[in-house]
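The values are calculated or read from the model by the stated rules, or taken from the named source; none is laboratory data. Because the structure is predicted, anything quoted here is derived from the model rather than measured. Here Cβ is always computed from backbone atoms with ideal geometry, including for glycine, and neighbour counts include all displayed protein chains. Heads up: the accessible areas ignore ligands, DNA and RNA and are worked out on the full protein's heavy atoms, side chains in. Shrake-Rupley method; radii C 1.70, N 1.55, O 1.52, S 1.80 Å.
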Amino acid sequence: MAKKYWLIKSEPDVFSLDHLKNCPDQTEHWDGIRNYQARNLMRDEMQEGDEAIFYHSNAGKETGAVGLSRVVSESAYPDYTSWDPKSKYYDEKSSEENPRWVMVDFKWRAEFPKLVSLQDMKKADNLDGMLVIKQGQRLSIQPVEKKHFVEVCKMGGLKASEIKALGL
DNA sequence: GCCAACGTTGGC
DNA sequence: GCCAACGTTGGC
């Protein structure tokens, strides 16, 4: 199956692109997704090798796309924080036997030389229809068209040769 | 910190 | 199955 393109949102105070970069093997599991639409996308659509724009939400002037990551788990697997009573992501309706939520692993790939702010994306000519610039779009995992994905990379200051080298 | 958007819950 | 109340997201 052809790889897919995504945008993943994270509040940088909670988990930033730099956090991901500093993880062992620059890889971390993406836990805590508690929205059915986002879960279904992860569970049914995401697979190893998929590319994701890393977006910082709720970050004042820094709100926007900051870099790239990639799915490195084969596919989605149960989010074990959902049945851990000590976790803030605990959900009493989820259990090890019957997990309600899933997660995937993401690996750091690139940091944009410059922030692509939400405003920049809204103003861009070539991003019509991109979900993140729609009003009230709160989904934390969004599918992105490849042409939009590449356009955001360009706006972030990646050179054509670098984009090619990333296999995009 | 405000509040619009919108997802979820639960009474009926 | 409707919909009001409530909770959360996230831009500003």
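Filtering segment A:132-149 down to residues that are open to solvent by 70 Å² or more (accessible area, probe 1.4 Å) and either within 14 Å of the chain's Cα centre (by Cα) or more than 13 Å from DNA strand B (Cβ to nearest atom) (or both), which residue is nearest to A:ILE33 (Cα to Cα)?
The selected residue is A:ARG138.
Looking for whichever is out of contact with any Leu (no Cβ under 8 Å at 6 or more places or on another chain) and closer than 18 Å to A:ARG43 by Cα here; the options are A:SER87, A:SER94. Which one fits?
Just one listed residue meets the conditions, A:SER94.
Among the residues of segment A:80-105, write down those that are within 15 Å of DNA strand B (Cβ to nearest atom) and either among the aliphatic types (A, V, I, L, M) or in contact with a helix residue (DSSP H, G or I) (Cβ under 9 Å, 6 or more places away or on another chain) (or both).
A:TYR89, A:TYR90, A:ASP91, A:GLU92, A:LYS93, A:SER94, A:ARG100, A:TRP101, A:VAL102 - these are the residues of segment A:80-105 that are within 15 Å of DNA strand B (Cβ to nearest atom) and either among the aliphatic types (A, V, I, L, M) or in contact with a helix residue (DSSP H, G or I) (Cβ under 9 Å, 6 or more places away or on another chain) (or both).
With the requirement that a residue be open to solvent by less than 40 Å² (accessible area, probe 1.4 Å), closer than 17 Å to A:GLU48 by Cβ and either assigned to a loop (DSSP other than H, G, I, E, B) or modelled with pLDDT under 90 (or both), what does segment A:66-119 give you?
Selection gives A:SER73, A:ALA76, A:VAL104.
Looking only at segment A:2-18, filter to residues that are farther than 14 Å from A:ARG138 by Cα and among the basic types (Lys, Arg); which one of those is surrounded by the most Cβ atoms within 10 Å (Cβ to Cβ)?
A:LYS4
Out of all the residues in segment A:44-63, is one or more surrounded by 21 or more Cβ atoms within 10 Å (Cβ to Cβ), near DNA strand C (Cβ under 10 Å from one of its atoms), of a type in the set (A, V, I, L, M, F, W, C) and at pLDDT below 95?
Checked segment A:44-63: no residue is surrounded by 21 or more Cβ atoms within 10 Å (Cβ to Cβ), near DNA strand C (Cβ under 10 Å from one of its atoms), of a type in the set (A, V, I, L, M, F, W, C) and at pLDDT below 95.
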